[in-house]
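This report refers to the structure that appears directly beneath it.
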């Protein structure tokens, strides 16, 4: 049995006794729905007493505020306090570990892999920006977690840290409008959509002939399809590491 599988099973064994059948029902649905592209958070607006979602499963009651509050208190849900008086929440890391599907498990592993993490994050930034470039991508600094907010954000809201964004900024792959609004630069969009062109541009910018040759050689590998990535990784992460000389 792999290390990751063992850790997941240990997590399940630790938390399952705390979860009632109703808790499990709510968390399973919330985790599954949060895996839908463009839905990383859920809202209960002011004056409402429960979550209202058209795609909540028939035959199952959507959770009310008290049920959400109880799961937040036990760290199965995270809440964005800056959105108050709206209740804005999403499944926590431990809830995702318990109930994530295979694709989300693979994504979580890619985010833990230093060779793929920045690429996965940049892909999510570019996807969100291209889906709705008129809405800024926000980084909300909270007490315990940093929160990314955008209606088309495609990974868990609490995954990205300011440190990740600073690394992407140093590579000129993202820029900032102010302390909280960021966006992918043209270089960032090229890295995510056409890594070979991104590396060719890097080569053209370099004044070192050896570095030019290295980057152009990698660009040709990308064009020829000779670069492999993991299940949930992307060519973007590999291109970033090549640009860094790793």
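Working from the alpha-carbon coordinates of the chain, get Rg over Rh, Rh being the Kirkwood radius.
Using only Cα positions, Rg/Rh for the chain is 1.02.
Kindly provide the helix-only [θ] at 222 nm of the chain, computed as the sum of -39,500 (n - 2.57) over DSSP H runs of four or more divided by all residues, to the nearest 500 deg cm²/dmol? Don't jump to the answer; show the numbers that get you there.
Details: 11 runs with 123 residues, N = 246.
Calculated mean residue ellipticity at 222 nm is -15000 deg cm²/dmol.
Rounded to the nearest 0.05, what FRET efficiency is calculated for residue 75 and residue 48 with R0 set to 25 Å and r the Cβ-Cβ distance?
Step by step, r from the Cβ atoms, then E = 0.60.
Can you tell me the orientation of helix 102-112 relative to the chain, as the angle in degrees between its alpha-carbon axis and the longest Cα principal axis, to the nearest 10?
Approximately 60 degrees, to the nearest ten.
Give the Cα extents of region 43-93 along the principal axes, in whole Å, largest first.
Taking the Cα atoms of region 43-93, the three principal extents are 30, 25, 17 Å.
Along the Cα→Cβ direction, 7 angstrom out, place labels at residue 213 and residue 166. What is the inter-label distance in nm?
3.6
Over the Cα atoms of region 78-180, what is the Rg over Rh ratio if Rh follows Kirkwood?
Values: Rg = 13.7 Å, Rh = 14.5 Å.
Radius of gyration over Kirkwood radius for region 78-180 works out to 0.94.
Just the projected area, averaged over all directions, of the convex hull on the alpha carbon atoms of region 191-244: how many nm²? Present the calculation step by step, with values, prior to reporting the outcome.
Values: hull surface 13.6 nm².
Seen from a random direction, the Cα hull of region 191-244 projects 3.4 nm² on average.
Can you tell me the 0 to 90 degree angle between the C-alpha axis of helix 235-244 and the longest principal axis of the chain, rounded to 10?
50
With springs only between Cα atoms under 10 Å apart, run a GNM on the chain and tell me which of 197, 106, 224 wobbles the most.
Highest fluctuation of the listed residues: 224.
Laboratory data are not the source of any read-out in this text; all were calculated from the coordinates shown. Small disclaimer: the values here were computed from a predicted structure and weren't measured. FYI the Cβ positions are ideal-geometry reconstructions off the backbone, even for glycines, and counts take in every protein chain you see.
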